[in-house]
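K.L.:
Shown below is the structure under consideration.
The values are calculated or read from the model by the stated rules, or taken from the named source; none is laboratory data. Not measured: the values here are computed from a predicted model. For neighbour counting, all protein chains shown are included, and Cβ atoms are generated from backbone atoms with ideal geometry for every residue, glycine included. Surface accessibility is based on the protein's heavy atoms, side chains included, excluding ligands, DNA and RNA. Shrake-Rupley method; radii C 1.70, N 1.55, O 1.52, S 1.80 Å.
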Amino acid sequence: MGGRMKVTIVGLPLFANRLAENLSAYDPNNSYKSLDTYHNKIDRVKAALRIPKSDCVFSINGTILPSKAFDLAFKKKVPVIMNWVGTDVINALRAYKLGNYRKEYITDAIHFCEVNWIQEELQELGIKAEIVNFAAFEKSFDLKEATSEKFTVLSYIPEVRADFYGIDSFIGLANKFPEIDFVIVGSEAQDYEPLPSNLKALGWVDNMAEIYDKSHVTVRFPEHDGLSNFILESLARGKKVLYKYPFNYCEYCPDEAELEKSIQALYGEYKEGKSLVNKDGASFIESNFNSDLILGGLVEIFKQLKNRK
């Protein structure tokens, strides 16, 4: 079928909006619109009008609980892609065990996720998800040594549910290594004061590039995770990455003991004057998360769904 392709993107607003902007720039001949159906009443009205005319609804967040947007899409026979990202799987498993869920969301939606451990968890719901990524990096970054005079470790920990995202473990690292600087972005950590003198909680930061430039190492240590954009950007910027999950060119730290051991080893390399630029990690992102591969791949998926209607 001809005509302009129309894709409606819903789910986590920050990532949905970013993806809509990236797809619109990459493929300006077609229409990509993000709508915040979680928090914005006007967007919910727009969704009710746009979804029936869409070729696909793409959600950055999966669910098996009732959703007006998904119900409308299924009713109008508009394909729904759920891209599962992390906490949504925990919520779905809980609903599934209680028997409180929409079976058609499992059987009728197309399911994507970003990493194999989420794929395995979804199998408990009877969901066979394909690994498809949506985060794209248009260019390679200028790789250079961190600019901070002191060895600096960075973590992104949001204000909401900071405990879930590992703030206690990160504060523990700061206490364990008083000679190292630790930085949190995303939270001011006011509920955890007094903080160690070598830990700064900056809250929401507009210029993340500057913070990355100053940092030697980044840490991601949540209770549960999908493939965090923080991990991908850290790798893209050539950072040494300590991650609670096994992922390419990251140091696997499943517990606090491994986390401490990795910090100690990297600090030792730093004191010996060794380079801490993760060139292999940056090359991996450049090869596997570039716009042609990620955005181009999504556009092809959307086109196939349009032609199938």
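K.L.:
Choose one answer from Y245, Y101, Y192: the residue with the largest mean-square fluctuation in a GNM of the chain with alpha-carbon springs under 10 Å.
P.N.:
Result: Y192 has the largest fluctuation of those listed.
K.L.:
Out of the total accessible area of the chain (probe 1.4 Å, heavy atoms of protein only), what percent is carbon and sulfur?
P.N.:
48 percent
K.L.:
Which values, in whole Å and largest first, are the semi-axes of the equivalent ellipsoid of region 61-127 obtained as the square root of 5 times each eigenvalue of the Cα gyration tensor?
P.N.:
Output for region 61-127: semi-axes of 19, 14, 9 Å.
K.L.:
Just subtract the alpha-carbon distance of S283 and E130 from 0.36 nm times their residue separation and send over the number in nm, one decimal.
P.N.:
52.7 nm
K.L.:
What does the charge count around L199 come to, taking other residues whose C-beta lies under 13 Å from its C-beta (Lys +1, Arg +1, Asp -1, Glu -1)?
P.N.:
Net charge in that neighbourhood comes out at -2.
K.L.:
How far, in nm, would the chain grow between E223 and N91 when pulled straight, counting 0.36 nm per residue and subtracting the alpha carbon separation?
P.N.:
So the chain would gain 46.1 nm between E223 and N91.
K.L.:
Another question, then. Given the options E179, E223, E272, which has the most mean-square fluctuation in a GNM of the chain, springs set between C-alpha atoms less than 10 angstrom apart?
P.N.:
E272
K.L.:
Given a 1.4 angstrom probe, what's the average accessible area per residue across the chain, in square angstrom?
P.N.:
49 Å²
K.L.:
Taking the chain as a Gaussian network, Cα atoms linked when under 10 Å apart, which of T107, T87, T63 shows the biggest mean-square fluctuation?
P.N.:
Highest fluctuation of the listed residues: T107.
K.L.:
Mind computing the radius of gyration and Dmax over the alpha-carbon atoms of the chain? Å is fine for both.
P.N.:
20.8, 64
K.L.:
For K176, which lysines qualify as cross-link partners when the Cα separation must be under 23 Å and same-chain residues fewer than eight apart are set aside?
P.N.:
K150, K200, K214, K239, K240, K244, K261, K271, K274
K.L.:
Please state the equivalent ellipsoid semi-axes for region 1-124: what are the square roots of 5 times the Cα gyration tensor eigenvalues, largest first, in whole Å?
P.N.:
Taking √(5λ) for each eigenvalue gives 24, 16, 14 Å, largest first.
K.L.:
Could you put H39, H216 in order of accessible surface area, largest first, with the 1.4 Å probe and the full protein assembly present?
P.N.:
The most accessible residue leads, giving H39, H216.
K.L.:
Right, something else. So how exposed is K200, as accessible area in Å² (1.4 Å probe, rounded to 10)?
P.N.:
Number for this one is 130 Å².
K.L.:
If you don't mind, another one. Just grab the label-to-label distance for D206 and N29, each label 7 Å out from Cα along the Cβ direction, in nm (one decimal).
P.N.:
Those two pseudo-labels are separated by 3.8 nm.
K.L.:
Still on this structure: Which whole-number percent gives the relative contact order of the chain, counting Cα pairs below 8 Å spaced six or more residues apart?
P.N.:
Relative CO of the chain lands at 16 percent.
K.L.:
Once you place label points 7 Å from the Cα toward the Cβ at L65 and K144, how far apart are they in nm?
P.N.:
Between L65 and K144, the simple spin-label model gives 4.6 nm.
K.L.:
Which aspartates and glutamates does K103 reach when only Cα atoms under 20 Å apart count, and residues fewer than 8 places away in its own chain are ignored?
P.N.:
Within the straight-line limit of under 20 Å, K103 reaches these aspartates and glutamates: D71, D88, E120, E121, E124, E130.
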